[in-house]
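Below is one structure, written out as structure tokens; comments come after it.
The values are calculated or read from the model by the stated rules, or taken from the named source; none is laboratory data. As the structure is a prediction and not an experimental result, all values here were calculated from the model. All Cβ positions, even for glycine, are placed from backbone atoms using ideal geometry, and neighbour counts span all protein chains on display.
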Amino acid sequence: MCFLILLSAVLIACESTSAIHPNPVSEEQLVALRVEVRRIIRPGCGSCHTTGLRTAKPAALAVFDLAQDDWSAPMTEAELNGLQRRTSDIRDTLAAKVEALVAAELALRSPATESETGGQD
């Protein structure tokens, strides 16, 4: 019983640590995630979030524009989290792709730790 409690505590600690310092992905992986997530969200979001369409909305395009290759790069943390919330009702495998993209984008924004920079600023 004590082992299970200890294991649970370790898993919870690991989970909360990874949420604070997500693992960054390679540039190639990030590009692939952007392409895949664009394909996933285009049917529901593309009409408002794609420059050049008559249905595009300026407020929506200010958040993200699916016509851009790096469409998710300018999004704020709140906007990325909002995207994840809005897509939470899609199939689990597709939602996992959105979650991976959000984690990758946020990892790019998190400040490097001292160990990653070798103590240099």
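For the subset of segment 45-58 comprising residues that are free of Cβ contacts under 8 Å to residues at least 12 places away in the same chain and out of contact with any Leu (no Cβ under 9 Å at 6 or more places or on another chain), which member is farthest from Ser88 (Cα to Cα)?
To start, the set of residues in segment 45-58 that are free of Cβ contacts under 8 Å to residues at least 12 places away in the same chain comprises 47, 53-58.
From what is left, the residues that are out of contact with any Leu (no Cβ under 9 Å at 6 or more places or on another chain) are 53-58.
Working: Leu53: 26, Arg54: 27, Thr55: 24, Ala56: 23, Lys57: 23, Pro58: 24 Å.
In this case the residue turns out to be Arg54.
Report, by residue number, each residue of segment 36-54 that is outside any loop (DSSP other than H, G, I, E, B) and exposed (fewer than 12 other Cβ atoms within 10 Å of the Cβ).
Looking only at segment 36-54, we keep the residues that are outside any loop (DSSP other than H, G, I, E, B), and these are 36-45.
If the condition is that a residue be outside any loop (DSSP other than H, G, I, E, B) and exposed (fewer than 12 other Cβ atoms within 10 Å of the Cβ), then Pro43 is the only one that fits.
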Filtered residue count, segment 59-85, keeping only those that are in contact (Cβ under 8 Å) with a residue 12 or more places away in the chain, of a type in the set (D, E, K, R) and part of a helix (DSSP H, G or I): 2
Could you check Lys57 against (1) at pLDDT below 95; (2) surrounded by fewer than 16 Cβ atoms within 10 Å (Cβ to Cβ) and say which number it fails? (1)
